[in-house]
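Read the structure below first, then the notes.
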Amino acid sequence: MKEVIGDVERWRQAGQRVAVARVVGVEGSGPRDPGATMVVNERGEVAGSVSGGCVEGAVVTEALDAMASNRARRCTFGYSDDEAFAVGLTCGGTVHLLVDPNLPSVYEELRDALAADRPVALATVVDLAEPETKETAVALGASMLVGADGEVHGSLGNAALDDVVRRDAAGALASGLSATRHYGSCGEARQEDVSVFVEVFAPLPRLVIFGAVDFTAALTRVGKVLGYHVVVCDARPVFATRTRFPMADEVVVDRPERYLAKVGSSLGPRDAICVLTHDPKFDVPAIVAAVTTDVGYLGAMGSRRTHADRVARLREAGVDDEGLARVMAPIGLDIGARTPEETAVAICAEIIARRTGKAAPSLRDADGPIHRPQPAAVADAGLPG
C-alpha cells in the first residue's frame, strides 16, 4: 500500500473515487507476495501491481465492476492449461485478490502511520463462509488498524472478533510477518467462518555492520538493494566516514559494544549483525554484546583459523555453547565468493536462507580452505569461480 499512497492522494484531491486490489493469498508460484497492491481510479487509471503484468487488465475490469456495484469481491486467478495466454498466471501459481471499491475505512490512519514510519498491522476481512448477516455484521473488506503501542482504529464488525484479531495483530507486529488467519464469526478458534488478512507494515529491518573495511562498502550496497536500513559502525573516525560509505543510512563512530548497549534491545528476528573487523579487540566485544540480543542473524568474517582463535576468546569472555552456535563464521554461503561484491552476495544470501529456514551450504558447516583453487577451465576463461 505504501508505494501507491502518492497516487491515491493525487486522485483523492482530484475528486476521483479509488478502488483497491490486494493480493491476500498465493498458492504455488506467484509473482507477488500477499500484500501487493494495485489501485484503480474511476477513470481506469492504475498504480501499483498485483502480478507483474499477468492479470492486471482483468483486475482493472473487476475493480471498475466493484465500484459500479459498490461491493467488495474476492477474485482468484490461476494458470490455464488450455489457454496459456488467457487471463491467468503463466508461472503456474494461483493468486487470491480482495477487490474493494473503496479505500479501507482506516486509510487516513494508515497513511499517517506510514508517513511517520510507525509500525502498524492492517487487519482486513478477506473471505466469509456465509454472507454478512445482521447478527454478525462482519462484512468483506471490513478493516481494523492496530499499532505497536496498542492503539486501535476501526472494527471488523463484531466486538468479540475485534478482541481476538487485535491480539493476533499485535503478535504479527512483534514477528514482522503478515498472514491470513481464520476464525468463527465471533472470533472462535479452529473455525473458518471468517478469514482475516493481517498485513504488517514495519520499519525496514536493520543490517548493522561492524568494521569500516573494503567488504563493508559492498555489503552496504547489497543490503540497500534488499531493503535494509544499513548502519556502519567503527570506532576509528578516520575510517567511519560518510564519504567512504555514502549508501549507508547511518555511519556511527563508536565501539561495537557501546553501540549495542544503546540499540541492542530494539533488534529483533528481522535484523542482522555482520562483524567484519578481523580484530579481536573489536570483534570479540561485538559478538559478546550481539549474542545477548534477539537479532535474527549474527555473522563474523575471518578464516577458520581466525575463528578458532576467536571462539577461544569468546569462551574466555563467557559466551556459552548456545551463544557460539548463533555465530555464522566463517560468514556467508559457500558459493566460491572471492571479491568484496561476491562476498557481500554470499553474506546476504545466507541472511535470507537463515530467515526463511531454507537449507543452503554455509561456509561454517564445511571443512577445508574457504578459497579453493579455481577449476582450470574457469581460470583459463578468465571467469569468476
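The values are calculated or read from the model by the stated rules, or taken from the named source; none is laboratory data. Values in this document were obtained by computation on a predicted structure and should not be read as measured data. Note that each Cβ is placed from the backbone with ideal geometry, even for glycine, and that neighbours are counted across all protein chains shown.
Observations on the structure shown:
- Condition broken by Phe210, with the remaining ones in (1) hydrophobic (A, V, I, L, M, F, W, C); (2) outside the structural domain of Thr241 (by TED's automatic domain parsing); (3) under 30 Å from Gly264 (Cα atoms) satisfied: (2)
- In segment 321-328 there is no residue matching the filter, namely being assigned by TED's automatic domain parsing to the domain that holds Lys281 and either in contact with a His (Cβ under 6 Å, 6 or more places away or on another chain) or at pLDDT below 95 (or both).
- When the residues of segment 201-216 are filtered to those that are modelled with pLDDT of 95 or more and closer than 30 Å to Ala169 by Cα, the one that is surrounded by the fewest Cβ atoms within 10 Å (Cβ to Cβ) is Arg206.
- Residues considered: Ala139, Ala170. Of these, the only one that is outside any helix (DSSP H, G or I), under 29 Å from Glu3 (Cα atoms) and not assigned by TED's automatic domain parsing to the domain that holds Gly35 is Ala139.
- Within segment 327-366, restricting attention to residues that are in a loop (DSSP other than H, G, I, E, B) and charged (D, E, K, R), the residue that is surrounded by the most Cβ atoms within 10 Å (Cβ to Cβ) is Asp334.
- Top-ranked residue in segment 248-258 [being without any contact (Cβ under 8 Å) to a residue 40 or more places away in the chain, in contact with a strand residue (DSSP E or B) (Cβ under 7 Å, 6 or more places away or on another chain) and not in a strand (DSSP E or B); ranked as surrounded by the most Cβ atoms within 10 Å (Cβ to Cβ)]: Ala248
- Matching residues, segment 259-283, being over 12 Å from Val231 (Cβ atoms), of a type outside the set (A, V, I, L, M) and not in a helix (DSSP H, G or I): Gly268, Pro269, Arg270, Thr277, His278, Asp279
- Options Leu114, Leu110; residue that is modelled with pLDDT of 95 or more, surrounded by 12 or more Cβ atoms within 10 Å (Cβ to Cβ) and farther than 16 Å from Ala179 by Cα: Leu110
- Inter-residue pairs, beta-carbon under 7 Å, first in contact (Cβ under 8 Å) with a residue 24 or more places away in the chain and part of a helix (DSSP H, G or I) and in segment 222-238, second among the acidic types (Asp, Glu) and surrounded by 23 or more Cβ atoms within 10 Å (Cβ to Cβ), 6+ apart: none
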